[in-house]
Amino acid sequence: VSCLPALITVIAVNLYLVVFTPYWPITVLILTWLAFDWKTPERGGRRFTCVRKWCLWKQYCDYFPLKLLKTHDLSPSLNYIVACHPHGIMSHSWFGHFATEMSGFSKTFPGITPYILTVGAFFWVPFLREYVMSVGACSVSQSSMDFLLTRRGTGNMLMVVVGGLAECKYGLPGSTTLFLKSRTGFIRMALRHGVAVIPAYSFGETELYNQYIFTPGGFINRFQKWLQNMVHIYPCAFYGRGLTETSPGLLPYAQPVTTIVGKPLPLPKIENPSNKTVAKYHAIYVDALRQLFDQYKTKFGFSEAQELVVT
């Protein structure tokens, strides 16, 4: 949520400097630095532990509250790719657990360094990119993942919110639908490097916002589908609470979110896996994710009959 006002502020200030003041060289210097530092988000980023430990994040994690649970210990001598589900609207739980230290990540997974991977567009904007990298975020590109899995030693945990922005449309209370069927890139990457994939599910992430559902086939609904087909982003009209519990607004509802990090699924190392091989291990992964969901669903408000829906 904090990224949006930062993005608007950076763009507005630089436009003002260029158009209305004689200080346009400041913008030139900023763009020069951006060009010089362009590859850093794909080379492990630039994290600052002090930022990850801001006391602000303690208030953030306690607001819902967020809780992180592991089912298995992880070895610092290995690397891992964690597939995170669901995306929800804002991925609050994934940020709180893996971009900050306030839900106890280092104590839960000693010797493991988390890298939360996100879309490259965040790293195109001056200042915003520094903020995003400071919490340990890197680009989700192939070259970025290759670097982290080969050039940063071991004990690295790459966090990939697999459904991405396309999954926002399913960010509704009670929803258990995931945009996963065509998302096979994380499996291909794991096979290329021979690293284990870990399923993780946040129970409560989809309860943090609601959405206006527009009439199927209507103008707005057709626009939503058109934009999703064009840029793979679903422009949902979401809402939460305001400054008081009963007022509407864009703050998330204060609902508890518990994230379960499952058992590592070892994969063989295949430098150039075929589509058939990727599909095989993707199916194995989906089965493991379903088992994780089924094991814990009744503890977090779902009925025994509720199933995980993969689209």
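Checked against the criterion of being open to solvent by 50 Å² or more (accessible area, probe 1.4 Å) and touching a Pro at 6+ places or on another chain (Cβ under 9 Å), the candidates Pro216, Pro256, Pro248 yield just one match: Pro256.
When restricted to residues that are free of Cβ contacts under 8 Å to residues at least 60 places away in the same chain and either of a type in the set (D, E, K, R) or surrounded by 14 or more Cβ atoms within 10 Å (Cβ to Cβ) (or both), segment 219-245 contains 8. When residues in segment 110-148 are screened for being open to solvent by less than 30 Å² (accessible area, probe 1.4 Å), among the β-branched types (Val, Ile, Thr) and farther than 27 Å from Val28 by Cα, 2 of them pass. Residues that are in a helix (DSSP H, G or I), modelled with pLDDT of 95 or more, of a type in the set (A, V, I, L, M, F, W, C) and surrounded by fewer than 17 Cβ atoms within 10 Å (Cβ to Cβ) do occur in segment 260-279. Take segment 54-81 and flag every residue that is free of Cβ contacts under 8 Å to residues at least 60 places away in the same chain and exposed (fewer than 13 other Cβ atoms within 10 Å of the Cβ). The answer is Cys55, Leu56, Gln59, Asp73.
Report whether or not Glu167 is open to solvent by 50 Å² or more (accessible area, probe 1.4 Å) and under 25 Å from Tyr60 (Cα atoms). So Glu167 fails the test.
Every listed requirement among (1) outside the structural domain of Gly171 (by the TED database); (2) open to solvent by less than 30 Å² (accessible area, probe 1.4 Å) is met by Leu289 save one, (1).
Given the options Lys276, Lys225, name the one that is in the same structural domain as Arg183 (by the TED database) and either of a type in the set (Gly, Ala, Ser) or farther than 23 Å from Ser93 by Cβ (or both).
Values: Lys225 fails: in the same structural domain as Arg183 (by the TED database).
Unique residue meeting the criteria: Lys276.
Against the list (1) at pLDDT below 95; (2) in contact with a strand residue (DSSP E or B) (Cβ under 9 Å, 6 or more places away or on another chain); (3) open to solvent by 40 Å² or more (accessible area, probe 1.4 Å), the condition Glu207 fails is (1). For first residues located in segment 1-20 and open to solvent by 90 Å² or more (accessible area, probe 1.4 Å), partners that are part of a helix (DSSP H, G or I) and modelled with pLDDT of 80 or more and lie 6+ apart or on another chain with Cβ distances below 9 Å form the pairs Val1/His92; Leu15/Thr27.
The values are calculated or read from the model by the stated rules, or taken from the named source; none is laboratory data. Note that this is a predicted model, so its numbers are computed, not measured. Note that we place each Cβ from the backbone using ideal geometry, even for glycine, and neighbour counts take in every protein chain shown. Each accessible area value is taken on the protein alone, full model and side chains, heavy atoms only, with ligands, DNA and RNA left out. Shrake-Rupley method; radii C 1.70, N 1.55, O 1.52, S 1.80 Å.
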